[in-house]
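The values are calculated or read from the model by the stated rules, or taken from the named source; none is laboratory data. Since the model is a prediction, treat every value here as computed from it, not as a measurement. Positions of Cβ are generated from backbone atoms using ideal geometry, with glycine treated the same way; all protein chains shown enter the neighbour counts.
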Amino acid sequence: MISSIAQRRRVAALAAALAGAVALTACGGSDSGSEDTAEKGGDKAGVRTVKTAMGDVKVPAEPKRVVVLDTAELDSVITLGVKPVGATTSDTPSGFPEHLPADKVEGVKLVGDMSAPNMEAIAALKPDLILTSKLRHGDKYNELKAITATVMTEETGLPWKENFRVHATALNKEAEADKAVADYTAKVAEVTAALGGKEKAAGIEVNMVRFVEGADIRLYGKENYIGTILKDVGLGRPAITDTAEDGFMLNLSPEKMDQAEADVIFHSTIGDPKKAKATEVLGGSLWKNLGAVKAGKVHAVKDTLWIQGIGYTAANLILDELRTALTK
């Protein structure tokens, strides 16, 4: 579930533009399809036009059979009260992110891995809307839109809030989106207050470390999903995060883990802990000599939530965990 750093810098402003630039039409009847099947001169009854990273797309006024191809889109639809008919698999025993309530994903069909969704499995579900991003599946857009209306945001991660608005528009769930945003904003304020207010929160420097099987250890900067949540709460970040490439992350070797020093460190692992170097680092002297470790201010968290969640349902749970960890 790791994005290319180079593509991460496609600014959130583009996603915001997508969220706001939506043409509305009336309901009634049923019609779906991509921009290729759009009626010229205006929308048909029961169809709305959504501006996406791939151009204008005609979507049903009330989508009923939605397929999502990444964790961000899955979080969005669940947050908005929509159960998809299909989703790509996550790196968990069930195939779904562990933080999502079981009843919310019960009966949802798995349609392959995020990196290689199964087109036949998707088509077999007869969806009337597919949600994903250009970053993930831009190269598969023609195949996807041949199945049904496909709404893509430009990327994932950093512009998650703007992307959520695009998803809400495609699903005709703008009112539900407003409530989700308001609830999150209220919880952010509660967590900041629990930490003693903005000034005290800013005085707590936090780092996020991710151990990744088959890749370097990652120290997350500010320009990513978890970075936006830490910023919303008003938490401080060590100076090293300002040196992250494109603001996204730094790659660290086990010999440089002293660079992860902070008042509080959160860490997650994706893949086998030994192959991801988590076992080596967490058991090593360099890690054990970090001030945060000695002070008992290090917390292991679930990767599927803190890194892969990428939505409001995940964000609210992260806020709960932040408050618990930082008010001990």
| said: So I78 passes all but one of these: (1) in contact with a Gly (Cβ under 7 Å, 6 or more places away or on another chain); (2) part of a helix (DSSP H, G or I). Which condition number does it fail? | reply: (1)
| request: Could you grab me the full set of residues in the stretch 214-234 that are crowded, with 19+ Cβ neighbours inside 10 Å and of a type in the set (S, T, N, Q)? | output: N224
| message | Given the criterion more than 27 Å from the chain's Cα centre (by Cα), surrounded by fewer than 24 Cβ atoms within 10 Å (Cβ to Cβ) and at positive phi, identify the matching residue among G296, G284. | response | G296
| query | Among the residues of the stretch 202-214 satisfying the criterion of being of a type outside the set (A, V, I, L, M) and assigned to a strand (DSSP E or B), which is nearest to H267 (Cα to Cα)? | reply | R210
| query | Which helices (runs of 4 or more DSSP H) does the stretch 124-201 wholly contain that include 2 or more residues that are without any contact (Cβ under 8 Å) to a residue 60 or more places away in the chain? | reply | 141-147, 174-194
| request: Having 2 or more residues that are out of contact with any strand residue (DSSP E or B) (no Cβ under 7 Å at 6 or more places or on another chain) and free of Cβ contacts under 8 Å to residues at least 40 places away in the same chain is the bar; report the strands (runs of 3 or more DSSP E) wholly within the stretch 244-328 that clear it. | output: none
| So V111 fits all but one of (1) surrounded by fewer than 22 Cβ atoms within 10 Å (Cβ to Cβ); (2) not in a loop (DSSP other than H, G, I, E, B); what number is the exception? | (1)
| field | Residue in the stretch 155-166 that is closer than 18 Å to Y312 by Cβ, surrounded by fewer than 19 Cβ atoms within 10 Å (Cβ to Cβ), modelled with pLDDT of 95 or more and hydrophobic (A, V, I, L, M, F, W, C) present | value | no
